[in-house]
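The values are calculated or read from the model by the stated rules, or taken from the named source; none is laboratory data. Just so it is clear, the structure is predicted and the values come from calculations on it, not from any experiment. Cβ sites come from the backbone with ideal geometry, for glycine too, and all protein chains shown count toward neighbours. We work out accessible area using only protein heavy atoms, side chains counted, and drop any ligands, DNA or RNA first. Shrake-Rupley method; radii C 1.70, N 1.55, O 1.52, S 1.80 Å.
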Amino acid sequence: MSEKQICMLISMAVYMVVVLIIGIICAKRNKTADDFYLGGRKLNPLVAAMSAEASDMSSWLLMGLPGLAFLSGVADAGWTAIGLAVGTYLNWLIVAKRLRRYTVVARNSITLPDFFSNRFHDKHKILMSVSALMILIFFVPYTASGFAACGKLFSSLFQLDYFWAMLLSAVVIVAYTTIGGFLAASTTDLMQGIVMSIALVIVLVFGISTAGGVGAVMENAQNMPGFLSMFDVHVPATGGSEPYGFLKIVSMMAWGLGYFGMPHVLLRFMAIRSEHQLKTSRRIASVWVVISLFVSVMIGVIGAKAIPELLDRSSLVGAGADTLAAATSQSETIFIKIADTLANSGILPALLAGVILAGILAATMSTADSQLLAASSSVAQNFFKGLICKNAKEKTTMWVARGTVIVIAIIAVMIASDPNSSVFEIVSFAWAGFGATFGPLVLFSLFWKRTTLQGALAGMVSGGVMIFLWKFLIKPLGGVWGIYELLPAFIVASILILVVSLLTKAPSQEIVDEFELAADKTRAVE
């Protein structure tokens, strides 16, 4: 290992030690389950905004999205980014305040399954159990994507064994999450969001310089058919391009629908100190997301010129599915390769390059910690205390949550053990799962008082099932069926919530009164 590599490794190691220390400090403030899962609802606007977006974007922002742009141009990545930016803003605008208020009205719910159960007065806890199960199903692969990103980072840079590098990263993430809970996750997310921002800007600026300037970058991109067009897409398997139709655009923008159902993002709305502060958080979050997504896509375009040796595009023409999958996985290291090139060329000091690469760790950790915490809460708070041991003490519940974090992490490590796994593909599937399972239900629960328990259950189950059906049975048919599974699943879930709710008995007056109370108090502060 060279001296520069050692310096980069030191920077990244220092970063990992810092997040562990934050976890230990925050652990002293966890007195109750409310503290462990929601930080006592005491997040300030900056922490709420940055932790929500940092936990949302994950390593996908620095690896998946630039890799997609590097491989096939700006259309796929660009329309996805637009959908995410719009979804972020709308989520903060129409969901945040009412969810913050309603979770307090609904018996001070501290998890999303808690809220659903309390919102519909589900005495048998069926809705809570199913929603907790859905969280486990989709969060395990989501967490695995983060571990995979860390493995790719260390193996690509330092020629370390992928599995052991991935495992070491997982241990650090699990350690500070298990010790410090939600407050540790949110506090480190703020720091990680800042590190991610610095990393994006530095790689953008110096990447352009390494590529020979903006003109050279644009000229290279124009030589690849469809690479710079938002209405055509570059096809590596043919070396040419094909039209990017309206249905495909709608499909990729549907990524924005996922926000309404993301437990780790919605928890930040529930945890902010006061709903009056959500407007400030919305502005911070929206600006950060728009800038970060734009820069991320541009890094992929820049990388096609700055690091052309990363991918032999001529070898992809006529290649089979396995070769294309390996190319997709390889393209997701473009951010890493640019930072490494800058360090080796002497343009950046090795220690600073290490800080940039720590941005990938930050992106990964900021999402994995939140995912682990949300998944553990579904087991400890909703299964263990909600169903199995209703009289469990707070300390016992917290220890169950910590144990669950470890178990989930072990399963995620097993999933991430394949070095050719695609961060983008894993995140895409999990994102669709949450978006379709919880998104429609969150919106109907907050804005339609006629929603019934039966309708809620029908929408949640149908959304989750449709994700699997569309992904593995319908989407492979291609053509008009090849759209992103989130869109049809979201529509199906919404229809079933509406129809089943209208066909079943109207909610009780008590449920309606709670709905009106939450709505009235929300309007009072808007």
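A compact table of results
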item: Some residue of the stretch 469-478 being part of a loop (DSSP other than H, G, I, E, B) and either without any contact (Cβ under 8 Å) to a residue 24 or more places away in the chain or open to solvent by 30 Å² or more (accessible area, probe 1.4 Å) (or both); result: yes
item: Residue 455 in a helix (DSSP H, G or I) and at pLDDT 95 or above; result: yes
item: Boolean, residue 139 is buried (at least 24 other Cβ atoms within 10 Å of the Cβ), over 16 Å from residue 378 (Cβ atoms) and not aliphatic (A, V, I, L, M); result: no
item: Among residues of the stretch 268-279, those that are open to solvent by 20 Å² or more (accessible area, probe 1.4 Å) and touching a residue at least 60 places away in the same chain (Cβ under 8 Å), counted; result: 3
item: Selected residue (criterion: surrounded by the most Cβ atoms within 10 Å (Cβ to Cβ)) from residues of the stretch 333-376 that are at pLDDT 70 or above and polar (S, T, N, Q); result: 376
item: Every residue from the stretch 226-240 that is under 18 Å from residue 319 (Cα atoms) and either outside any strand (DSSP E or B) or free of Cβ contacts under 8 Å to residues at least 24 places away in the same chain (or both); result: 236, 237, 238, 239, 240
item: Filtered residues of the stretch 479-507 (kept if over 16 Å from residue 451 (Cβ atoms), open to solvent by 70 Å² or more (accessible area, probe 1.4 Å) and in contact (Cβ under 8 Å) with a residue 40 or more places away in the chain); result: 480
item: Output for the stretch 86-110, where each listed residue is surrounded by fewer than 20 Cβ atoms within 10 Å (Cβ to Cβ) and either farther than 15 Å from residue 269 by Cα or of a type outside the set (A, V, I, L, M) (or both); result: 86, 89, 107, 108
item: Which numbered condition residue 414 fails, given (1) closer than 28 Å to residue 332 by Cα; (2) open to solvent by less than 50 Å² (accessible area, probe 1.4 Å); (3) not charged (D, E, K, R); result: (2)
item: Condition met for residue 267 (in a helix (DSSP H, G or I) and in contact with a helix residue (DSSP H, G or I) (Cβ under 6 Å, 6 or more places away or on another chain)); result: no
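For every residue, the table says whether it meets (1) at pLDDT 85 or above; (2) open to solvent by 30 Å² or more (accessible area, probe 1.4 Å).
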residue: 183; (1), (2): no, no
residue: 195; (1), (2): no, no
residue: 205; (1), (2): yes, yes
residue: 208; (1), (2): yes, yes
residue: 213; (1), (2): yes, no
residue: 217; (1), (2): yes, no
residue: 234; (1), (2): yes, no
residue: 248; (1), (2): yes, yes
residue: 257; (1), (2): yes, yes
